[in-house]
Each structure stands twice: as C-alpha cells, then as structure tokens.
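What follows is one structure encoded as structure tokens, with my remarks underneath.
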Amino acid sequence: MTMFDEREKASENKWKHDQELRFKIMARRNKLLGQWVAGKLGLTGTAAQDYAKAVVIADLDRPGDDDVVEKVMADIKAKGLPIEERKIRKKLIELVEDARKQVMAE
C-alpha cells in the first residue's frame, strides 16, 4: 500500500467516524428533546422514555430537523399546550452541546 493509499484510507476512516459521531449526537439531542417535551405533556416513567424514543425515530423520516419538530408540535397542539415552534427549534440548538458532552463521556 502506498503512502497515498494510506492517507486516503485514513481520511475515509476519519470521515466515517465523524459521521457516526454526528449521528449519535443528533440522536441523543432528539432523545433529550423528547424527554423535555414528555415532561411538558405530563408523561413520566416508561411513557416518557417511550415518547423520547419515538422522537428519535421520527428523525429518521427525512433529512433535517423538520420531521422532529413536526412530530413534537403535533403532540403539543393535540394536548393544547401554548408552546411555539420557535421555542422547539431553539431548544434543539440548546441541547446539541448537552448531547455532545454526554456522547463524548461514553
């Protein structure tokens, strides 16, 4: 294997690792959002954890945050809570750093 091949392989491995790390952080962020929204919805225990998992799964529908936001907003509206979409989007941004710290600590 030439030095160029080794560099290319190392670059590919780093890219793969970075993508996996990003996926884990975003999944954790969504879980944290789900836990936060579950509290607002009055869910506790297993129901809250199940809701948080459903929020994580909702993010697999399509790229970006819209699928997560749409899911939690539908649930918030169904419950009649006065939480605006911009608050949810702001919370997503706030939770990224918490999620990163948690994932990196594992």
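What to note about this one:
- Meets criteria (modelled with pLDDT under 95 and surrounded by 11 or more Cβ atoms within 10 Å (Cβ to Cβ)) for ASP59: yes
- Within the chain, helices (runs of 4 or more DSSP H) holding 2 or more residues that are in contact with a Gly (Cβ under 7 Å, 6 or more places away or on another chain) and touching a residue at least 12 places away in the same chain (Cβ under 8 Å): 45-58
- Subset of the range 38-71 (residues that are aliphatic (A, V, I, L, M) and farther than 15 Å from ALA27 by Cα): ALA38, LEU41, LEU43, ALA47, ALA48
- The number of residues in the range 1-46 being of a type in the set (Val, Ile, Thr) and within 18 Å of the chain's Cα centre (by Cα) comes to 2.
The values are calculated or read from the model by the stated rules, or taken from the named source; none is laboratory data. Since the structure is predicted, the reported quantities are computational estimates derived from the model, not experimental observations. Note that we place each Cβ from the backbone using ideal geometry, even for glycine, and neighbour counts take in every protein chain shown.
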